[in-house]
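Student: Quick one: structure below, then a few questions.
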Amino acid sequence: MLRLIFKIIIILVLLISIPVKSQVINIEGKRFMNDTNGWVGNADFNFNVFNNTQQVLQFSNAVRVQYQKNRSRFILLNDLNFIKAGNTDFANAGYQHFRYNYKVSKWITMEAFTQTQYNPVLKLDFRYLVGAGPRLKLLKKEHAKIYVAALYMYEYDDVVADPINLYEHRMSSYLTCTFSVLKNVEFTSTTFYQPNIENTSDYRIANDSGLEIHINKHLNFKSSFNMLYDTYQPIGIPDLVYSFRNGLSIKF
């Protein structure tokens, strides 16, 4: 019994330690908001093995690279998450995202992107995206930033246990904002709307929101909400998928 409890605790800790992945990837929080030329990036790798009555494997990898050259900006993202206990996959998801931005003017930026993605736990064997369109800066102040975009997106989906592959033309519109309240509170939110151009009853609405409170120079409180509503989810997957997470961040 103690071994079983220990194994459950390990799995819960691993699940809590990684964000829940919906089928709409939000890259807004992964942009480096610097305007200086050159490279910037970071990479995280984790690999854990636990063995008692069953073996528990956990692997995660997150890479974020950005290159700025005058008006051009290149963004490369790679994210993988895997948790397996015995013969059961508790998490198995990943994506690779490449985006090119060209700053046309102070207020308008053209974007082009391509993305591959998989999440068999949510019955997505493979998804391929390619798209482009304008991104508009509505407001950029020291304590407030608001951007809006309306992109065209071509999508290919290979769904688990479904012999029919999907080829769709969608709009991918989003509104993203960041607000700093006082000196110690920051709120961020990005909302996506992705309708099928040929069938408007087929659409997705997704939201990623986060609240961070700087309690002191060593302690932050973080709260995040992730939601996806998809009118055409695979059979067995609910239309509404969401997560709500709270936690403390300690800096030494």
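The values are calculated or read from the model by the stated rules, or taken from the named source; none is laboratory data. Because the structure is predicted, anything quoted here is derived from the model rather than measured. No Cβ is skipped: glycine too gets one built from the backbone with ideal geometry, and neighbour counts run over all protein chains shown. What goes into the accessible areas is simple: the full protein's heavy atoms, side chains included, and nothing from ligands, DNA or RNA. Shrake-Rupley method; radii C 1.70, N 1.55, O 1.52, S 1.80 Å.
Student: Would you mind working out the accessible area per residue for segment 77-147, using a 1.4 Å probe, and quoting it in Å²? Mind dumping the intermediate values first?
Tutor: Numbers: 3500 Å² over 71 residues.
Here the per-residue accessible area is 49 Å².
Student: Kindly flag which residue pairs out of LYS141/LYS183; LYS141/LYS222; LYS103/LYS137; LYS30/LYS84 have an alpha-carbon separation exceeding 19 Å in this structure.
Tutor: Distance filter (> 19 Å) returns LYS141/LYS222; LYS30/LYS84.
Student: In addition: Calculate the dipole size of the chain relative to its Cα centre from +1 charges on Lys and Arg beta carbons and -1 charges on Asp and Glu beta carbons; express the result in debye to the nearest 20.
Tutor: Dipole about the Cα centre, nearest 20: 1240 debye.
Student: How are the C-alpha pair distances of segment 100-252 spread across 5 Å bins, as whole percents from the shortest bin up?
Tutor: 2, 8, 13, 17, 17, 14, 12, 10, 5, 2, 0
Student: Taking R0 as 35 Å, what's the FRET efficiency between ASN184 and ALA150 from their Cβ-Cβ distance, rounded to 0.05?
Tutor: On the way: r = 34 Å, r/R0 = 0.98.
For ASN184 and ALA150, the calculated efficiency is 0.55.
Student: For the chain, modelled as a GNM with alpha-carbon contacts under 10 angstrom, which of PRO234, PRO195, PRO163 fluctuates the most?
Tutor: Looking only at PRO234, PRO195, PRO163, the largest GNM fluctuation is found for PRO163.
Student: Then there is this: Under 12 Å from the Cβ of ARG31, count the other residues' Cβ atoms, weight Lys and Arg +1, Asp and Glu -1, and hand me the total. Display every interim value, and only then the final one.
Tutor: Working: positive: LYS30, ARG64, ARG73, ARG99, ARG135, LYS145; negative: GLU28, ASP35, GLU111.
Cβ neighbours under 12 Å give a net charge of +3.
Student: Then there's this: Quote to one decimal, in nm, the extra length available between HIS214 and PHE126 on full extension: 0.36 nm per residue of separation minus the C-alpha distance between them. Numbers along the way, then the final one.
Tutor: Details: separation 88, 0.36 × 88 = 31.68 nm, distance 3.92 nm.
Residue separation times 0.36 nm, minus the Cα-Cα distance, leaves 27.8 nm.
Student: Give the aspartates and glutamates reachable from LYS69 as a straight Cα distance under 17 Å; neighbours fewer than 8 places away on the same chain don't count.
Tutor: Leaving aside aspartates and glutamates fewer than 8 places away in the same chain, those within reach of LYS69 are ASP35, GLU111.
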